[in-house]
Amino acid sequence: MKTLENQTLLYDEDCPLCSLYTTGFVKSGMLDENGRKSYCQLSAEEQNFVDLKRAPNEIALINNKTKTVTYGIDSLIKVIGFSFPLIEKIATIKPIHFILKKMYSFVSYNRKVIIPGNVKEENKLQCTPDFNYKYRFLFIGFALTITSFVLFGYSNLILNLPKSNITREIILAFGQIVFQSLLLLKFHKQTILNYAGNLMTVSLIGSLILMPILVLSQFFQLPQTIILGWFGVTVLIMFLEHFRRVKILKLPFYLSFTWILYRILALLLILN
């Protein structure tokens with residue numbers, strides 16, 4: 001693995017995802033031992049040439065020799081492309097680069113709701129991305145669509161439930177967002193949308209856990225005990241994750257119990 005030397009990748013230390021992949025670059029040898037640095041630890045000199053408004057949105061790669069900075073997807077292409085030149089050539093083709101840039105923005109602007117972390121409020125510099133309504137709504141829509149299709153498939157595996165349809169599942173998933181949001185009307189709209197993003201991430205996690213059973217059911221006749229048991233374990237994991245995220249967001253703890261209440265009410269409605 002070729003090492004890109006004298007380059008420092010700034011990362012968000014409050015973002016577990018950012019910490020994970022930048023650590024991976026160093027451990028794999030793509031960057032040298034000093035190849036990553038927390039955005040919060042920027043020196044006074046570095047603050048003079050790093051765009052402090054852009055860097056929280058687009059990960060910055062500092063060239064320590066020339067004191068120049070690359071941002072966003074171009075930073076990642078530069079790091080990975082130094083070890084894998086073919087990937088760099090493909091990634092810089094205009095249509096592909098455009099798609100990669102949009103995908104990067106989709107993840108970057110939603111990283112705090114995909115994998116939230118506790119914010120160290122004592123840090124003077126905070127690597128918090130700007131709130132972007134477009135990408136937040138896109139993420140919520142993406143997660144809602146995946147969740148609806150997975151639940152549509154899984155509910156049809158449960159024999160005691162009336163046959164499902166995709167419209168019902170979309171309404172139920174969207175209804176969950178509305179139901180929970182009504183309990184947060186006294187909060188700022190960005191807080192509500194941050195919670196909605198976390199809520200849909202929890203739903204997305206649940207969908208991914210249910211996927212193996214959906215796949216296996218295409219090849220085997222699975223007993224109802226396995227189908228129901230797996231679903232029960234999934235709900236428990238989702239509840240615990242939802243509770244953890246509500247605590248990180250410093251929102252009322254009862255949101256986790258109203259989340260369960262909505263599901264119970266929805267089940268009663270389906271059965272009747």
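The values are calculated or read from the model by the stated rules, or taken from the named source; none is laboratory data. It should be emphasised that the depicted structure is a prediction, and the values quoted were computed from it without experimental measurement. FYI the Cβ positions are ideal-geometry reconstructions off the backbone, even for glycines, and counts take in every protein chain you see. When the accessible area is computed, the model is the full protein with side chains, heavy atoms only, and any ligands, DNA or RNA have been set aside. Shrake-Rupley method; radii C 1.70, N 1.55, O 1.52, S 1.80 Å.
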Filtered trypsin sites (Lys or Arg not before Pro), region 90-167: DSSP coil and at most 11 other beta carbons within 10 Å:
LYS120, LYS124, LYS163
Enumerate the calculated ³J(HN,Hα) couplings along region 105-115 in order (Karplus 6.51 cos²θ - 1.76 cosθ + 1.60, θ = phi - 60°), each rounded to whole Hz, writing x wherever the residue is Gly or Pro.
5, 4, 6, 4, 6, 10, 4, 6, 9, 6, 9
Share of carbon and sulfur in the accessible heavy-atom surface of the chain [1.4 Å probe, %]
67
No other cysteine beta carbon under 4.7 Å away is the test; run it over the chain and list who passes.
CYS40, CYS127
Inverse of mean 1/r across different Cα pairs in region 125-209, Kirkwood, Å:
14.0
Per residue value of the accessible surface for the chain (all protein chains in place, 1.4 Å probe), Å²:
55
Taking amide H atoms as placed 1.01 Å from N in the peptide plane, list the residues 5 or more away in sequence, or in a different chain, whose amide H sits under 5 Å from that of LEU9.
ARG36, LYS37, ILE62
Pairing the Cα long axis of helix 255-271 with the longest principal axis of the chain, what angle in degrees results, from 0 to 90 and rounded to the nearest 10?
40
Treating cross-link reach as a plain straight distance, find the lysines whose alpha-carbon is under 18 Å from the alpha-carbon of LYS78, omitting any fewer than eight places away in the same chain.
LYS2, LYS27, LYS37, LYS65, LYS67, LYS89, LYS94, LYS101, LYS102
Once the mean of 1/r over all distinct C-alpha pairs in region 116-272 is inverted, the Kirkwood radius in Å reads 16.9
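Net charge within 13 Å of HIS97 by Cβ-Cβ distance, Lys/Arg positive one each and Asp/Glu negative one each, not counting HIS97 itself?
Around HIS97, the surrounding residues sum to +3.
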Computed over region 38-101, the relative contact order (Cα-Cα under 8 Å, seq sep at least six) in percent reads 20
Residue range of the chain that is longest and free of GluC sites (Glu not before Pro) which are both DSSP loop and sparsely packed (at most 10 other C-beta within 10 Å):
123-272
In region 174-255, which trypsin sites (Lys or Arg not before Pro) fall in coil by DSSP and have 14 or fewer other Cβ atoms within 10 Å?
LYS186, LYS250
Measure out, as a whole number of angstrom, how far apart the alpha-carbon centroids of region 161-175 and region 63-128 sit.
37
Angstrom value of the Kirkwood radius, inverse mean 1/r, which spans all Cα pairs in region 1-114:
14.3
